[in-house]
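Participant: The structure's right below; bear with me while I get my questions together.
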Protein chains: 4
Amino acid sequence: MQLKRPKIAVLTSGGDAPGMNAAIRAITLACHSSGYSCIGFFHGYNGLIDDEWCELTPRLVNPTLQQGGTLLKSARCKAMLTSDGVKQAANTLYKHDIDALIVVGGDGSFRGMLELEKEWRGQLIGLPGTIDNDLAHCDATIGFATAVQTAASAIDKIRDTANAFERVFIVEVMGRHSGHIAFAVGLATGAEAILSFENCQPPQHDAILSELTTAITQQQQVRHGSYLIVCAENLWPGGASALQKALKERAAIDSAVCILGHIQRGGSPVVNDRLLASKLGLAAVEAVEQQQHMVMLGEIAGNVVATALNATVQDHKPVASFWLKAHRSALKGDLA
Amino acid sequence: MQLKRPKIAVLTSGGDAPGMNAAIRAITLACHSSGYSCIGFFHGYNGLIDDEWCELTPRLVNPTLQQGGTLLKSARCKAMLTSDGVKQAANTLYKHDIDALIVVGGDGSFRGMLELEKEWRGQLIGLPGTIDNDLAHCDATIGFATAVQTAASAIDKIRDTANAFERVFIVEVMGRHSGHIAFAVGLATGAEAILSFENCQPPQHDAILSELTTAITQQQQVRHGSYLIVCAENLWPGGASALQKALKERAAIDSAVCILGHIQRGGSPVVNDRLLASKLGLAAVEAVEQQQHMVMLGEIAGNVVATALNATVQDHKPVASFWLKAHRSALKGDLA
Amino acid sequence: MQLKRPKIAVLTSGGDAPGMNAAIRAITLACHSSGYSCIGFFHGYNGLIDDEWCELTPRLVNPTLQQGGTLLKSARCKAMLTSDGVKQAANTLYKHDIDALIVVGGDGSFRGMLELEKEWRGQLIGLPGTIDNDLAHCDATIGFATAVQTAASAIDKIRDTANAFERVFIVEVMGRHSGHIAFAVGLATGAEAILSFENCQPPQHDAILSELTTAITQQQQVRHGSYLIVCAENLWPGGASALQKALKERAAIDSAVCILGHIQRGGSPVVNDRLLASKLGLAAVEAVEQQQHMVMLGEIAGNVVATALNATVQDHKPVASFWLKAHRSALKGDLA
Amino acid sequence: MQLKRPKIAVLTSGGDAPGMNAAIRAITLACHSSGYSCIGFFHGYNGLIDDEWCELTPRLVNPTLQQGGTLLKSARCKAMLTSDGVKQAANTLYKHDIDALIVVGGDGSFRGMLELEKEWRGQLIGLPGTIDNDLAHCDATIGFATAVQTAASAIDKIRDTANAFERVFIVEVMGRHSGHIAFAVGLATGAEAILSFENCQPPQHDAILSELTTAITQQQQVRHGSYLIVCAENLWPGGASALQKALKERAAIDSAVCILGHIQRGGSPVVNDRLLASKLGLAAVEAVEQQQHMVMLGEIAGNVVATALNATVQDHKPVASFWLKAHRSALKGDLA
């Protein structure tokens, strides 16, 4: 029996992440290599609702390999939270005679696929694309490596001025509700403190302020110099500025605040994101050929692994315990 | 008559700026080339108050040419606002038998020199070191080129995600009370709007909101895409977040805010700052030889020009009118 | 009398330089701002020979502001060395009813304009675009600042490994037949030796080898560490590898060679190149309005200055003597 | 029974790699955290021969986390190829009462440990430090990620100028006798051809020239544009220049050559190298505590794995077959 030659559609959804273009390019080249047709919908699921799309060709996608953002644009889509919206999306896919839809995005985007599956009978393949690295069943999400590199390079600069002034800095990094960025960045920049969900739970805030105060005071005695606190967003009630205020009121410690913000989303993807996105993009087209459905493809220990979409939405990916230990050990060694 | 071989001291004061190390290095090498002695005081004028210093040698300064921050540390110094403090500083200079003090800093640092001159009879030479470029009588201050490059590179990244989401962004840049950074960065990144002291005075805030609203709406009709507002710090009452809120309340325009902050102070100096600082550092030692006193050395049209310190403190350096015109022209062309 | 509304054409010619896109963009926006028509010819003068062109619109040019290369492509064009080719080019300009042609390029490109003027009666305006900075009557050419920054960043990396191995490195930089890049890069990276046309003439090669040998030996006695020689391309007969061989044979000095090559041509333009190109692009459209003809527009001391094209082709721009002096002084101080 | 508190020594050996400083820092901090003594020998094994060393303290190592090169310097050491040299090295270790020696380097450095083991009874632990990634039993060597990022960023720049001129470029990358760098860089930059040991064996050179000629010609028909060949060093007899010449003679194809060279060794380590080096550095001190000996610690699938040193010297690490397949697929898709 001969397999029908698929027509494949792609969209990028949710917060954009560096490397999404590399994924789109790999999917496009793999489709052309296999003689498949390939189109892209714009603005995440909104492109399905509004029937906004373009044909994806090598000429279009090749120059985007090294570019940040996503040529298909991204967006969150409220319509997908309604059954009318989901039906509308399914209709557009039927209208274009799409065999498989590949969605690059985070857990919200995958939830959209769970809904879409109720209304549409084509194949659905997800690729993990978010800077936050908060998707289980993959070692890293597309965009994480670049976000971490951008944040670390920014903090290297902040360290220069912090050293010049021998100053305490609180740097807030992204990560939504996980500490992957905070720990990777904090360890890579030698941050004196990393405050994240994994080592700093809400009821402990008072204890944390005490620890910070003791550590900063102790360091000032051991050696002068800067003291860098990397803080995950959404961690401290009121954000980094509230922490700054608490340090001042509690212990008369002056500090400066930097919220790195959206620079962490953009920029040319680093090599690791380009390679990861290329690998998963190629694998996604292979997965379509292999009749896979309702799975996310992630890289684990160098291999592409398919996991049921609902597992990726439910499961939590913890920060490797090694990093928490490494952070404690580094601090202890520094003050020894 | 033979000139006495001078003993020269250096300090970096006020907000640190990339290139300060290059200036210290050039002064040190020029001193060694001429057989002079050279020492550095730490933490700005505090090093004079507290007698904290080190000998400056080629071996120490050479590796710092490409490093941000300042090996002599920097600080603001409240003691220099008191006559006791100034006397203390003068005593330290007498104690070390210093012939000339070279200060790298901004207008606050130069005011310290005006005070010091009353109590100390050595030569005083200032070099313009501040990222804000708000010192008259020089084309650019040491640090400005790097700050502008760092901010522009950050905004290039923000543009990626702004494009992906077709979103309005308000990016706040440094500059204290001048728009040099805002205009250079805004023009270099193709910002759709630049809000700075030069084109946006306090009483006009209401008019500005109207203009912004019109322009954003108009652009959405001409073409989709991102809309980037570069806003000078200290300009909008309440800062970028207040502007964000005003846009939302006034015109239901959603926007995101990024405050670039201290990343603009750090990082390896760009070539222009290394060359400028090297040039002025060498010139400072020559100026000492030529018995100059109470001047700031700045580069104007490629030449080193000496200006009386009190003039540098009083005079205002406007943003070149060409840039205001260029910005208006670019906007008009974009929407034509 | 009413001025005819011009139709303006642009081309980029000769070696491409970062910032050419920014110039094309500024010309395009200025044209749209004034209601002019604006088209671009591809591949330098070849686009005139072959009638290959595109309309230039804000939507097309805006995203290129921060991109290296040139959207209009560039090339050298042999046909322009023949009278038939020049006539063909003129015919294309007549056919499109072009009023003014703006050429961004180096002295070879300007020579093409001198020929074209014999056959075509429209206005001709040149903008200095070459990484080599070897055009007189302007402080810097478009592309120079980026090339220098790229080369300096590369040499900063080489310094790391040179330090680790305490090794002599010969780094060859671009510049055609001038030392602007060599001196800017060498001084910005603290190179121990800069070999360029300005301080190293062909008959002196033997003397230079002696000096190098003495200096390297002397440094090894004063302090261990790396020794970095920045060498202009086209300077040493046989290039950097021949110099390496000569050092080995003459004085048993081992060294490593790096030829930076074409990385110096590419990359996102630095802020200075974006601003310079934007300024000159806007000024070029103004110059058309002012009926200027057969001039190059360059920035001198912050002002846009028009110079007759034949002067730009004939005159030589020397490296500022300050830099030669600075280099000698730094070396003397380092070994003092 | 109480374990004796070890005195640990570190050295970096062979070609230096970004991240070596991060490894030294992690070892130092872990030692201080555990109350061990920690010293470093300079210039690889030469420091053992010549008894050149320094104490490693947090104050010394902390600022080097983000710096390229190695504060302990590196070198190759001929004396370790003689039995007298090895005995001398052992004597120095006895003299300093060293319990464990940690060597960061490549296979040559590990061979030195195999020799040293014959003469010295302390513990020997190796960490994989080389940009070439040519050590088996670890996913990546320290320095590989940075080298690949630097090379890819350089090639992104070359692509700009290659596009502007629609030109064929041959870019030679490092890697000694393996294609890890060539494949990672080639895939990450969308190179049209990757020539490496894995897909291009010596006897096939003639066939390769034919394939290249066909592919370049074919691409020129499908689309204009640049054609980028990434070529591993030591692959083509005579190097990239010989390949350039062969393309010209064989098929009249003009091309430009860039040899990226030593820029690939230097520069601030990327986050992945900082994290990998920190992890392995901490693990090395743990391994000492656990009485491990004659092993290399590598990261495999996120875990630290110890492998017998002689296995690491003998075994070959192939480039993942996925990448060869990905490269073929991308090319096929591009030309489809």
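The values are calculated or read from the model by the stated rules, or taken from the named source; none is laboratory data. None of the values given here were measured: they were computed from a predicted structure. Every residue, glycine as well, gets a Cβ built from its backbone with ideal geometry; the counts of neighbours run over all protein chains shown. Heads up: the accessible areas ignore ligands, DNA and RNA and are worked out on the full protein's heavy atoms, side chains in. Shrake-Rupley method; radii C 1.70, N 1.55, O 1.52, S 1.80 Å.
Participant: If you take the charge dipole of segment D:196-291 about its Cα centre, with +1 on Lys and Arg Cβ and -1 on Asp and Glu Cβ, which of D:Phe197, D:Val285, D:Leu228 is farthest toward its positive end?
Facilitator: Farthest towards the positive end: D:Leu228.
Participant: How would you classify chain A from its alpha-carbon gyration tensor, with a ≥ b ≥ c the square roots of the eigenvalues: rounded for a/c under 1.5, else prolate if a/b is greater than b/c, otherwise oblate?
Facilitator: Taking the square roots of the gyration eigenvalues as a ≥ b ≥ c, chain A is prolate.
Participant: Further question on the same structure: Output the relative contact order of chain A, whole-number percent, from Cα pairs under 8 angstrom with separation of 6+ residues.
Facilitator: Relative contact order of chain A: 23 percent.
Participant: Loop by DSSP (not H, G, I, E, B), at most 15 other beta-carbon atoms within 10 Å: where is the longest site-free stretch of chain C for trypsin sites (Lys or Arg not before Pro)?
Facilitator: The longest such stretch corresponds to C:5-120.
Participant: Then there's this: Please report the net charge: other residues with Cβ closer than 15 Å to the Cβ of D:Thr141, K and R +1, D and E -1.
Facilitator: So the surrounding residues net to -3.
Participant: Taking the label point as lying 7 angstrom from Cα along the Cα-to-Cβ axis, what are the distances from B:Asp84 to the corresponding position in the remaining copies, in ascending order and in nanometres?
Facilitator: Its label point is 7.0, 7.6, 9.2 nm from the equivalent points in the other copies.
Participant: Please give the net charge around B:Gln292, taking every other residue with its beta carbon less than 14 angstrom from that of B:Gln292, where Lys and Arg add +1 and Asp and Glu add -1.
Facilitator: Neighbour charge sum, excluding B:Gln292 itself: -4.
Participant: Measuring label to label, 7 Å along Cα→Cβ, what does A:His224 give against each other copy in nm, shortest first?
Facilitator: Label-point distances to the other copies, shortest first: 3.0, 5.6, 6.2 nm.
Participant: At a Cα cut-off below 20 Å, give the aspartates and glutamates reachable from A:Lys118, other chains included and same-chain residues fewer than 8 away excluded.
Facilitator: Hits, sequence-local ones excluded: A:Asp50, A:Asp51, A:Asp84, A:Asp97, A:Asp99, A:Asp107.
Participant: How crowded by other chains is D:31-40, given as the mean number of beta carbons from other chains within 10 Å of each beta carbon?
Facilitator: 3
Participant: Averaged over its residues, how many other protein chain Cβ atoms are within 10 Å of peptide C:162-170's Cβ atoms?
Facilitator: Going residue by residue through C:162-170 and averaging, the value is 6.
Participant: What are the nm distances, shortest first, from A:Gly302 to its equivalents in the other copies, labels at 7 Å along Cα→Cβ?
Facilitator: A:Gly302 label point versus its equivalents elsewhere: 1.7, 5.8, 6.0 nm.
Participant: Just want to confirm a number: the relative contact order over segment C:1-155, from Cα pairs under 8 angstrom separated by 6+ residues, in percent.
Facilitator: In percent, rounded to a whole number, it is 28.
Participant: What's the ranking of B:126-136, A:141-151 by average number of surrounding C-beta atoms within 10 Å, highest first?
Facilitator: Descending packing order for the listed peptides: A:141-151, B:126-136.
Participant: Using a 4.7 Å cut-off between beta carbons, which cysteines in chain D end up with no partner cysteine at all?
Facilitator: So, D:Cys54, D:Cys77, D:Cys138, D:Cys200, D:Cys231, D:Cys258.
Participant: How much of the accessible area of the protein assembly as shown, probe 1.4 Å, is carbon plus sulfur, in whole percent?
Facilitator: 51 percent
Participant: Putting +1 on Lys and Arg Cβ atoms and -1 on Asp and Glu Cβ atoms, find which of C:Ala242, C:Leu209, C:Ser178 reaches farthest to the positive end of the dipole of segment C:129-287.
Facilitator: With unit charges placed on the Cβ atoms, the residue in question is C:Ala242.
Participant: Could you work out how far helix A:83-95 tilts from the main Cα principal axis of chain A, as a 0 to 90 degree angle to the nearest 10?
Facilitator: 50 degrees
Participant: Counting only other chains, and only Cβ atoms inside 10 Å, what mean value do you get across the residues of A:181-189?
Facilitator: 3
Participant: Still on this structure, please answer the following. Near D:Pro58, within a Cβ-to-Cβ distance under 10 Å, what is the net charge of the other residues, with Lys and Arg +1 and Asp and Glu -1?
Facilitator: My count for the surroundings of D:Pro58 gives +2.
Participant: Let me ask you something else. Run the dipole for chain D about the Cα centre, Lys and Arg Cβ at +1, Asp and Glu Cβ at -1, nothing else charged, and hand back the magnitude in debye, nearest 20.
Facilitator: In total the dipole reaches around 260 debye.
Participant: Given C:Lys157/D:Lys78; A:Lys248/B:Lys78; C:Lys325/D:Lys73; A:Lys248/D:Lys279; B:Lys332/C:Lys7, which pairs have Cα atoms separated by over 23 Å?
Facilitator: In this structure, C:Lys157/D:Lys78; C:Lys325/D:Lys73; A:Lys248/D:Lys279 lie more than 23 Å apart at Cα.
Participant: Whole Å is fine, so just give me how far the alpha carbon centre of segment D:8-30 lies from that of segment A:120-148.
Facilitator: Taking the Cα centre of each part, segment D:8-30 and segment A:120-148 sit 34 Å apart.
Participant: Give, rounded to the nearest 20 debye, the magnitude of the charge dipole that the protein assembly as shown has about its Cα centre when Lys and Arg contribute +1 at Cβ and Asp and Glu contribute -1 at Cβ.
Facilitator: That gives a dipole near 0 debye.
Participant: Taking a ≥ b ≥ c as the square roots of the Cα gyration tensor eigenvalues, with a/c under 1.5 meaning rounded and otherwise prolate when a/b beats b/c, else oblate, which class fits segment D:147-265?
Facilitator: It is oblate, given that a/c is not under 1.5 and a/b is not larger than b/c.
Participant: Which chain C residue puts its Cβ closest to the axis that rotates C onto B, and at what distance in whole Å?
Facilitator: C:Ala301, 2
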